[in-house]
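Worksheet: the structure to be examined is printed underneath.
The values are calculated or read from the model by the stated rules, or taken from the named source; none is laboratory data. Note that the coordinates shown come from a computational prediction; the quantities given were computed from them, not determined experimentally. Note that we place each Cβ from the backbone using ideal geometry, even for glycine, and neighbour counts take in every protein chain shown. Protein only, heavy atoms only, side chains kept; ligands, DNA and RNA dropped before computing areas. Shrake-Rupley method; radii C 1.70, N 1.55, O 1.52, S 1.80 Å.
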Amino acid sequence: MTGARDLSLPKTGRNPNSPSDEESVERTSPKSDVNVTLSAPAGQVFPTLTPEQVARVAAHGRLRPVRGGEVLASAGQQVESFFVVNAGSIELVRRSEKGEEIVAVQRPGQFTGEINMLSGRQALVTLRVGESGEVIDVKRDDLLALVQTDSELSDIFMRAFILRRVELIAHGFGDAVLIGSSFCQGTLRVKEFLTRNGHPYTFVDLDRDSGVQDLLDRFGVGVGDVPVLICRQNVVLRNPSNLEIADCLGFNEAVDQARLRDILIIGAGPAGLAAAVYGASEGLDVLVLESEAPGGQAGSSSKIENYLGFPTGISGQELAARALTQAEKFGAELMIAKGARRFLCERRPYAIEIDHGPRVAAQTIVIATGAQYRRLRVENLARFEGAGVYYGATPVESQLCRDEEVVVVGGGNSAGQAAVFLAQTAKRVHVLVRATGLVESMSRYLIRRIETNPAIVLRPRTEIVALEGANHLERVSWRDNETGAVTTHDIQHVFSMTGAVPSTSWLEGCVATDEKGFIKTGPDLSDEVLAASRWPLARRPYLLETSLPGVFAVGDVRRGNVKRVASAVGEGSIAITFVHEVLHE
Ligand SMILES: Cc1cc2nc3c(=O)[nH]c(=O)nc-3n(C[C@H](O)[C@H](O)[C@H](O)COP(=O)(O)OP(=O)(O)OC[C@H]3O[C@@H](n4cnc5c(N)ncnc54)[C@H](O)[C@@H]3O)c2cc1C
């Protein structure tokens, strides 16, 4: 089962007449109303609205009588309405193989819904009327309009929705059961996909539960079929792809793929999510396409410590989950496991062909597909990423390896800069390159600094062949390719600086790039490049605009990017200013 995330949400502006959270728990949530152990105060997870707040919600919905036993929404069906109880009660019912369980009961002033209310994905619990009475029925679109205009209600709903999702995850109350082994790469992939999409699931570990293996054997599920995902209680997927999982769990069902959008954002890393938040909050119709899961590279960072406003750091997943909720709150839509395959850029409106999907069209495009770091070819690399293997050498990492030996892999300028920088604090820096030297790949000034620094040892024709450790990297083995000798060293920090490859192959020459494939924008586009690209307008491209009018590139995919979450977020938001300009042209 996945663990609960720490969501220290902002406090809502409290009505001075409304009860404190603790009082609210006393008054509105007697113990018998919540039948699970909550990790947050019940008054926050299941708050009660004041009569004035209920009246404000009622203005966006319709009152309707309900009878005991009536099902208002079923688990597995797309979420369409949000309900506030006016009289009587609503039970939140979970159905599992063990039978039916009433998770909580909502009474007058309380309301239904969790994160799915924003995305429009399938409900994870059934809503059934307990005592007959009356509810306010608010359609999903009307609720989205309400949270965008009423900041007090927005805070209360947002906090409750997020905390409820955290509880669902903590209790594994989802519609997905994953059966696999912690030592299997496929299992880790599926776990990561579900976790990064914030989807609750229950994990059955084959290594701990031999009975399950017997069961799988009896059903003819072989080793190659693991992991197995049982979704919606009855569909059995064997070693499913991310797309199959997304389809089965209905991640993209609520998205209208036929509508012409104001902006199509490709990539849901920090840059794309920022563009989505700013675009949607400024009233634009935004669709985001993401080939994997929200968060991008930042999503694989266990702790980002240099992002403004988070002095104790924040995990990349947490940051992405918050950004996604924010974007959806403003009405942005996201398609998961649906990458852009081809850009149809010859005419406007532009269109994108999606993996296993139709074309989607938009007036403007924001390319935020980032880059993928070239990764070491070592079997268990993923286990040590962020736990001994790093892709950047900032003061944060250099503090981690003060007075210790470190390895820098790579022969380019970024590797050279990292080596010189780390040598200021580390005991010894081993620079491993596969080539016979650095002359071909590194600037002369850096080579000189490396050669003259006694703390740096250059190891040509050498490559890492194994990484070992329990929870953190402990030992590194490398091979001298000239002699074939493999040696093992007690080294806990490896900096992989072998360069990043931009995710631009799908663009097929639609926009001008540099020789490495990074997209040129704004001032990078010379007159010659614009002429060669047949730039059709009298004005020059805006900042962050590519050689194609109305097409922007932001974050790590852009030439000259600085490989930081903050700069990616900044660029995503700046691009929206120019999107407005283009839409008014
Ligand atoms: C392990 C690690 C730790 C890091 N730590 C820090 C840190 O502490 N501080 C810091 O400031 N920076 C850090 N960085 C760098 C930072 O994460 C990046 O600079 C930032 O994520 C770039 O954001 P982006 O949105 O431009 O691109 P990305 O994060 O690369 O996101 C691009 C997204 O686009 C998607 N995509 C790609 N191709 C397609 C397609 N064809 N269709 C649809 N979607 C597509 C990808 O799946 C991905 O989700 C770290 C990077 C890594 C790898």
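From Val255, Val277, grab the single residue that is more than 7 Å from the ligand (Cβ to nearest atom) and either modelled with pLDDT under 90 or within 17 Å of the chain's Cα centre (by Cα) (or both).
Exactly one residue qualifies, and that residue is Val277.
Report whether or not Thr521 is more than 11 Å from the ligand (Cβ to nearest atom), closer than 29 Å to His430 by Cβ and modelled with pLDDT of 95 or more.
Working: more than 11 Å from the ligand (Cβ to nearest atom): yes; closer than 29 Å to His430 by Cβ: no; modelled with pLDDT of 95 or more: yes.
Criteria not met by Thr521.
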### Query
Among the residues of region 199-213, is there at least one that is open to solvent by 50 Å² or more (accessible area, probe 1.4 Å), among the hydrophobic types (A, V, I, L, M, F, W, C) and more than 30 Å from Arg342 (Cα to Cα)?
no
### Message
Please go through (1) within 14 Å of Gly109 (Cβ to Cβ); (2) part of a helix (DSSP H, G or I); (3) in contact with an Asp or Glu (Cβ under 8 Å, 6 or more places away or on another chain) for Asn86 and return the number of the only condition it doesn't satisfy.
### Response
(2)
### Task
Show the residue pairs that are 6+ apart or on different chains and have beta-carbon atoms under 8 Å apart, the first residue being within region 381-400 and under 17 Å from Val562 (Cβ atoms), the second being part of a loop (DSSP other than H, G, I, E, B) and within 11 Å of the ligand (Cβ to nearest atom).
Gly392/Lys563; Thr394/Asn306; Val396/Glu305; Val396/Asn306
### Task
Kindly indicate which of Arg347, Arg342, Arg259 is surrounded by fewer than 17 Cβ atoms within 10 Å (Cβ to Cβ), of a type in the set (D, E, K, R), at negative phi and touching a Phe, Trp or Tyr at 6+ places or on another chain (Cβ under 9 Å).
Arg342
### Query
Can you pull out the helices (runs of 4 or more DSSP H) entirely within region 384-500 that have at least 2 residues that are open to solvent by 70 Å² or more (accessible area, probe 1.4 Å)?
395-400, 444-452
### Query
If Val551 passes every condition in (1) open to solvent by 10 Å² or more (accessible area, probe 1.4 Å); (2) at pLDDT 95 or above but one, which one does it miss?
(1)
### Task
Tell me which residues, restricted to region 228-256, are open to solvent by 30 Å² or more (accessible area, probe 1.4 Å), touching a strand residue (DSSP E or B) at 6+ places or on another chain (Cβ under 7 Å) and in contact (Cβ under 8 Å) with a residue 24 or more places away in the chain.
Ile230, Glu253
### Message
Being closer than 24 Å to Glu292 by Cα, without any contact (Cβ under 8 Å) to a residue 60 or more places away in the chain and part of a helix (DSSP H, G or I) is the filter here; which residues of region 192-227 pass it?
### Response
Gly224, Asp225
### Query
Which one of the conditions (1) crowded, with 21+ Cβ neighbours inside 10 Å; (2) modelled with pLDDT under 95; (3) within 12 Å of the ligand (Cβ to nearest atom) does Ser302 fail to meet, given that it meets all the rest?
(1)
### Task
Just give me the residues in region 530-567 being part of a loop (DSSP other than H, G, I, E, B), closer than 20 Å to Glu515 by Cα and within 14 Å of the ligand (Cβ to nearest atom), in sequence order.
Leu544, Val554, Arg559, Gly560, Asn561, Val562, Lys563
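When residues of region 258-274 are filtered for being more than 11 Å from the ligand (Cβ to nearest atom), aliphatic (A, V, I, L, M) and out of contact with any strand residue (DSSP E or B) (no Cβ under 6 Å at 6 or more places or on another chain), how many remain? Break it down stepwise before answering.
So in region 258-274, the residues more than 11 Å from the ligand (Cβ to nearest atom) come out as 258-263.
Those still in the list that are aliphatic (A, V, I, L, M) too: 258, 260, 263.
Of the ones still in play, those that are also out of contact with any strand residue (DSSP E or B) (no Cβ under 6 Å at 6 or more places or on another chain) are 258.
Qualifying residue count for the region: 1.
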### Summary
When region 237-274 is checked residue by residue, the ones that are closer than 20 Å to Leu583 by Cα and touching a Ser or Thr at 6+ places or on another chain (Cβ under 6 Å) are Ile263, Ile266, Ala274
### Message
Among the residues of region 363-381, are any more than 10 Å from the ligand (Cβ to nearest atom), open to solvent by 20 Å² or more (accessible area, probe 1.4 Å) and in a strand (DSSP E or B)?
### Response
yes
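May I ask you to list the residues in region 513-531 that are open to solvent by 20 Å² or more (accessible area, probe 1.4 Å) and over 16 Å from Ala368 (Cβ atoms)? Explain how you work it out, then say what you get.
Narrowing region 513-531 to residues open to solvent by 20 Å² or more (accessible area, probe 1.4 Å): 513-516, 518, 520, 523-524, 526-529, 531.
Scanning region 513-531 gives Asp514, Glu515, Lys516, Pro523, Asp524, Ser526, Asp527, Glu528, Val529, Ala531.
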